[in-house]
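The values are calculated or read from the model by the stated rules, or taken from the named source; none is laboratory data. Small disclaimer: the values here were computed from a predicted structure and weren't measured. Backbone-built Cβ (ideal geometry, glycine too); neighbour counts: all protein chains shown. Side chains included, ligands, DNA and RNA excluded: accessible areas come from the protein's heavy atoms. Shrake-Rupley method; radii C 1.70, N 1.55, O 1.52, S 1.80 Å.
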Amino acid sequence: MLFKIINYQNKIISKYLLRNLIVFFFAIFFIIGLLVFGNQFVLTVQESVENGIPVVELLPLITYNMIRDIPIILILSLFLSIIISISQLYKNSEALVMNSIGLGERDFISFIQPIVILSFILIFCLTIFAVPWAKQQKSFAESQTVNASEFSFITEGKFESFKNGEIVFYAAESSIIDTDGEQNMEEVFIYADGNGNPTIVLASEAKKYTDSRSKSVYLRLKDGIRYEGLPGDKNINILNFDLYDLEIISGDTQKSITNFSEIEEMTSINLLSQNSLLANAEMQWRFSQPISILLLSVLGVFLGKSSPRTGKGINVIIGIIIFMLYNNSLLVAKNSIEVGQLNPIIGMWGIHLFLFLILIIFYQFREGKITHFIDKILFFNNKEKNHV
């Protein structure tokens, strides 16, 4: 009979905690999502105005970015909502009553398991299937609008720099990019300062194209004049040309961007068949996000415990700091694997294992088992000293 009463009470408390948790979760998710996606929308509109691309063509990119960013927003929202929900129980002294009937942090962890497991499944499906698909579709949409990167198009009537400022380019007029990825320009001015040797090029026409082999981006100039040296110099060289090719983007830069984007766009099944550092790092990153929600949910329960005297929001601030350190550590480990500085066997698994050990130690400390063990050691040490 007593067991039935306790079990019934636990169900009521579990529903109460889950209801508060869901309310806080949707509120935090809405706020973070509004900030992130609103900022992306503003940047997209600004890019549309600057480069003359219709906003309608760029709207799909916002959708794909939303799918890409949803997992990390879900993780942070659930983590903070757990901290706030548990903290509210202690602030209202409700947790003290629960503790008096034998309910503790272990029970709170079991109470929030339904939403944590549901979030784990959702984030797993997003990171393993939906996010790579969104990145692939985004890349395809960018190639359609020729907006793949900052080198994809040149804006008319605007000075633009390439190769870290070594080349300054200006075109009075620029036509719409054609299906071959080429762009036609007129009344072109170029200033290049390579190896301390300034060069000025004037051309009536220019065409931007990408070499299929080297992946380098070139400007093919027509009917122009090339001045090597500054006007007034004694050794100035003047050359009239019909055609002149000028490299503005190195093929090595393009290839590195392409390699990273191709790995991120691969399906998880194809990624498993790849035996490379980039593929290994990307696969570990995809698995890390669902794993992190399990670890952070337990940590959120521990951080939620507070006293009524504790300042408001302190636990949330600590949680945000820990989340940033944890997430940035995973990103650093990912980059280290990609460049070969970190063994993939250790990789991001070491970060998860470290946090898992911290949770175990923290739990044992809360239960008083560590202090009890330390007291025993001190007791035996004092006993030996007294005997002496």
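Worth a mention:
- Residue list for the stretch 43-73, restricted to those being at pLDDT 85 or above, open to solvent by 20 Å² or more (accessible area, probe 1.4 Å) and among the aliphatic types (A, V, I, L, M): Met66, Ile67, Ile70, Ile72
- The number of residues in the stretch 5-42 being more than 18 Å from the chain's Cα centre (by Cα), open to solvent by less than 60 Å² (accessible area, probe 1.4 Å) and modelled with pLDDT of 80 or more comes to 10.
- Applying the criterion of being part of a helix (DSSP H, G or I), small (Gly, Ala, Ser) and at pLDDT below 85 to the residues of the stretch 94-132, the residue that is farthest from Leu303 (Cα to Cα) is Ser100.
- Residues satisfying the stated conditions in the stretch 88-101, i.e. among the small types (Gly, Ala, Ser) and without any contact (Cβ under 8 Å) to a residue 12 or more places away in the chain: Ser100
Quick grid of which residues meet (1) of a type outside the set (Ser, Thr, Tyr); (2) at negative phi; (3) touching a residue at least 40 places away in the same chain (Cβ under 8 Å):
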residue: Ser268; (1), (2), (3): no, yes, yes
residue: Ala279; (1), (2), (3): yes, yes, no
residue: Gly300; (1), (2), (3): yes, yes, yes
residue: Gly313; (1), (2), (3): yes, no, no
residue: Ile318; (1), (2), (3): yes, yes, no
residue: Leu330; (1), (2), (3): yes, yes, yes
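- For the condition in contact with a Ser or Thr (Cβ under 8 Å, 6 or more places away or on another chain) and at pLDDT below 95, Asn315 qualifies.
- Matching residues, the stretch 325-368, being closer than 29 Å to Asp107 by Cβ and within 16 Å of the chain's Cα centre (by Cα): Leu325, Tyr326, Asn327
- Which listed residue is assigned to a helix (DSSP H, G or I), within 21 Å of the chain's Cα centre (by Cα), modelled with pLDDT under 85 and buried (at least 19 other Cβ atoms within 10 Å of the Cβ), from Ile293, Ile263: Ile263
- If you go through the stretch 201-225 and keep only what is at pLDDT below 80 and more than 16 Å from Ser174 (Cα to Cα), you end up with Thr210, Asp211, Ser212, Arg213, Ser214, Lys215, Ser216, Val217.
- Candidate set from the stretch 149-200 (those that are within 29 Å of the chain's Cα centre (by Cα) and open to solvent by 50 Å² or more (accessible area, probe 1.4 Å)); member that is modelled with the highest pLDDT: Ser161
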